[in-house]
Each structure stands twice: as C-alpha cells, then as structure tokens.
Amino acid sequence: MARHVIAAAADIPPGGRKIVTVQGREVGVFNLGGEFYALLNRCPHQGGALCLGRQVGLVTSSEPGRYDYSRPGEMLKCPWHGWEFDIRTGQSWCDPDDLRVRRYTVQVEPGEALAKGPFVAETFTVSVEQDYLVVEI
C-alpha cells in the first residue's frame with residue numbers, strides 16, 4: 001500500500017479533524033487524545049459526507065430510565081441521517097455486526113525519516129511525432 005504525507009501532527013489538535021483527499025478519496029483524519037485515526041468520508045448507509053458530522057460520546061443504558069455517557073468525542077454521527085460510527089474502529093453503532101466505514105492506518109513519523117525517502121518520481125513516455133511532443137499517460 002502506498003504511503004502519503006497528509007499533514008503535520010500539530011495541524012490536527014486533540015479533538016480536531018482534517019479532511020484530505022488521497023488518491024481521489026476523501027478521508028477524515030481525527031485526533032483522539034493524541035492518537036490519530038482515519039475514516040473514509042462516505043457513510044455506508046447512503047453516501048453522506050460522514051466526516052463532516054458531529055463528534056459525540058457513547059450513550060448506553062443498563063435499564064429503563066438509566067443512561068450512561070462515556071467515550072466523549074469518539075463517535076461520529078452522520079450529518080444526513082444520524083447513524084453513528086466508532087472513530088477508532090469504523091464500526092457502526094446502529095448495525096455493529098454488518099456495517100462499518102472504511103478505516104485507514106495513520107502513523108506519526110518524524111520529518112527527518114520522511115525526508116530520507118525513498119522517493120520515486122512517476123515517469124511518462126514522451127515521443128516526437130512530426131514536431132509535436134506527445135505524452136503517454
């Protein structure tokens with residue numbers, strides 16, 4: 001799998017997010033207390049821009065009338081229909097057995113390590129045809 005530098009870690013403060021485009025895919029990158037997670041910015045329910053949704057906590061109930069709130073900011077609510085997903089795993093809270101959003105691995109690496117490469121430039125074949133340059137892509 002190809003690796004892509006998307007931002008400096010300081011660009012996404014704790015509790016924050018940044019939406020980036022990587023190889024034509026919109027991806028939301030989230031900072032949960034210094035740990036970074038990335039999700040595809042597409043709700044599997046009906047294709048809404050999931051990563052634009054509100055970050056909320058988890059509400060559970062052990063019995064009628066009793067509610068427990070935990071994991072503040074770790075759940076993502078789709079702005080279209082309110083379906084909730086765990087930012088850490090991509091798993092749906094509405095249908096945890098069958099539905100999840102695509103998750104990507106995020107690594108924090110020092111800039112010195114990235115500057116060393118290896119970098120490979122993409123090359124294209126160029127030919128001359130009757131005094132016109134033609135590039136094959």
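Here is the figure for segment 54-105: residues that are of a type in the set (V, I, T), in contact (Cβ under 8 Å) with a residue 40 or more places away in the chain and out of contact with any helix residue (DSSP H, G or I) (no Cβ under 7 Å at 6 or more places or on another chain) total 2.
Listed here are the residues, each with its yes/no results for (1) assigned to a strand (DSSP E or B); (2) surrounded by 15 or more Cβ atoms within 10 Å (Cβ to Cβ); (3) on the phi > 0 side of the Ramachandran plot.
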site: K18; (1), (2), (3): yes, yes, no
site: R42; (1), (2), (3): no, yes, no
site: G47; (1), (2), (3): no, no, yes
site: Q55; (1), (2), (3): yes, yes, no
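Restricting segment 1-60 to residues that are touching a Lys or Arg at 6+ places or on another chain (Cβ under 9 Å) and of a type in the set (G, A, S), the residue that is farthest from D86 (Cα to Cα) is A7. When segment 70-116 is limited to residues that are polar (S, T, N, Q), modelled with pLDDT of 90 or more and not in a loop (DSSP other than H, G, I, E, B), the one that is farthest from H45 (Cα to Cα) turns out to be Q91.
The values are calculated or read from the model by the stated rules, or taken from the named source; none is laboratory data. Just so it is clear, the structure is predicted and the values come from calculations on it, not from any experiment. Here Cβ is always computed from backbone atoms with ideal geometry, including for glycine, and neighbour counts include all displayed protein chains.
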